[in-house]
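*Asks:* Provided herewith is a single structure, encoded as structure tokens, for subsequent inquiry.
The values are calculated or read from the model by the stated rules, or taken from the named source; none is laboratory data. Bear in mind that the values here come from a model prediction, so they are computed numbers and not experimental data. Heads up, the Cβs are rebuilt from the backbone with ideal geometry, glycines too, and the neighbour counts pull from every protein chain shown. What goes into the accessible areas is simple: the full protein's heavy atoms, side chains included, and nothing from ligands, DNA or RNA. Shrake-Rupley method; radii C 1.70, N 1.55, O 1.52, S 1.80 Å.
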Amino acid sequence: MKKTFKYRLLGNRETFGRADRWLYLCRQLYNSALAERIYAYRGQRVSLSSYSQIKELPELKVAMPEYREVGSQVLQDVLERLYRAYKAFFRRRANREGKGGFPRFRGRYRYDSFTLKQAGWTLEDRYLSIRNVGKFKLRLSRPIEGTIKTITIRRESTGKWYACFSCDNVPERKLPESDRVIGIDVGIKSFCVDSDGNGTDNPQYLKQSQRDLRVKQRTLFRRKKSGMRRVKARLQVAKAHEKVRNQRSDFLHKLANYYVRNYGVIAVENLNIRGMVRNHKLARSISDAGWGMFVGLMDYKAAEAGRTLIRIPRFEPSSKMCSECGAINQELKLSDRQWVCQNCGALHDRDFNAAKNIFRVGQTLQEVTYAGAQSVS
Ligand SMILES: [Zn+2]
């Protein structure tokens, strides 16, 4: 199993200064490699491969000796990132998803990490040493497991540094088997609702931090483009952001743990948030609440525990269908919290009814899977 472990990095000013310099050099390389690709394409209609750009790295080091201090694999990774950005752009264009999104030149605040592969670092106890950068102390909250594949060093907008260890062969920790099935749907008035009738709302402290963040964002917006007060406001926003992020992550981890621990099969609707732009308000509340992250967490936690997470393809009448008799209520509006089925007379709470429908589809798909048909993802 794959897993990523993230830790705060502690170190002295000089070490962070050198890591900052690596970020600067990587960003310059990214931008010039992007310029080179655009130029080659406009001029001679050729698409450069990342391979041909990687081949030029030794020449770069001769022409610009400052690049000698940065590990070769780190520089290769910069070019691979650019390649991935290109690939994603062409894929989106081919599938007509969204608007373009051509790879962009990265400004100072838009390039915040570099990645080490197998070489150029050592890990001893709580200390991570990177060649030509220095020694960092890791704030180890839990031990690293498995085989380390890559280490990504990131500077967050608050100025704090983190290391993400991406590991392979992490041992699974299976839970005792459970045949309990649950359907979970994104709620409109609460964060989520399940088919057992439990609704969970975003915790109050998180809402408070979100309000606080919005106030600080407005302050930043009012500040003049240049000037110390803007720099300060930017840092305030970054800190408020970090607080919201941490609190949300904590909340979502606990909630995901609850479902994975208590249910063998978890069904969720595969929401395409981008496809929901027609309904701005709903799409916003869903992405705000971190629904995607919640499902992602359940996904890996379920895999780790030997549970099944089923993503049900989005089906239109999930909230409009009566979970008792299957009749469809075409008149249902987003503002209707409760409704009565005209066919069988059942009284429904909107969110709870949708969760029950997801539960039923999940149950059916699960039986199909058990029957030996192709697994459903
Ligand atoms: Zn009904």
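*Asks:* Quick one: Gln236 ticks every box in (1) out of contact with any Leu (no Cβ under 8 Å at 6 or more places or on another chain); (2) without any contact (Cβ under 8 Å) to a residue 40 or more places away in the chain except a single one, so which number is it?
*Replies:* (1)
*Asks:* Hey, another quick one. With the condition being surrounded by 17 or more Cβ atoms within 10 Å (Cβ to Cβ) and out of contact with any His (no Cβ under 6 Å at 6 or more places or on another chain), I'd like the strands (runs of 3 or more DSSP E) fully within the stretch 61-175 carrying at least 3 qualifying residues.
*Replies:* Ranges flagged: 113-116, 147-155, 161-168.
*Asks:* Also: Got a number for residues in the stretch 126-159 being within 23 Å of Val70 (Cα to Cα) and among the acidic types (Asp, Glu)?
*Replies:* 1
*Asks:* Of the residues Val231, Val244, Val237, which is aliphatic (A, V, I, L, M), open to solvent by 40 Å² or more (accessible area, probe 1.4 Å) and in a helix (DSSP H, G or I)?
*Replies:* Matching residue, one of Val231, Val244, Val237: Val231.
*Asks:* If I filter the stretch 301-356 down to residues being open to solvent by 20 Å² or more (accessible area, probe 1.4 Å), in contact with a helix residue (DSSP H, G or I) (Cβ under 9 Å, 6 or more places away or on another chain) and in a helix (DSSP H, G or I), which single residue comes out as nearest to Tyr263 (Cα to Cα)?
*Replies:* Filtering the stretch 301-356 for residues that are open to solvent by 20 Å² or more (accessible area, probe 1.4 Å), in contact with a helix residue (DSSP H, G or I) (Cβ under 9 Å, 6 or more places away or on another chain) and in a helix (DSSP H, G or I), the one nearest to Tyr263 (Cα to Cα) comes out as Lys301.
*Asks:* Within the stretch 19-41, is there a residue that is open to solvent by 90 Å² or more (accessible area, probe 1.4 Å) and farther than 22 Å from Tyr162 by Cβ?
*Replies:* Yes, the conditions are met somewhere in the stretch 19-41.
*Asks:* So which residues in the stretch 293-311 are modelled with pLDDT under 85 and over 26 Å from Asn169 (Cβ atoms)?
*Replies:* Within the stretch 293-311, none qualify.
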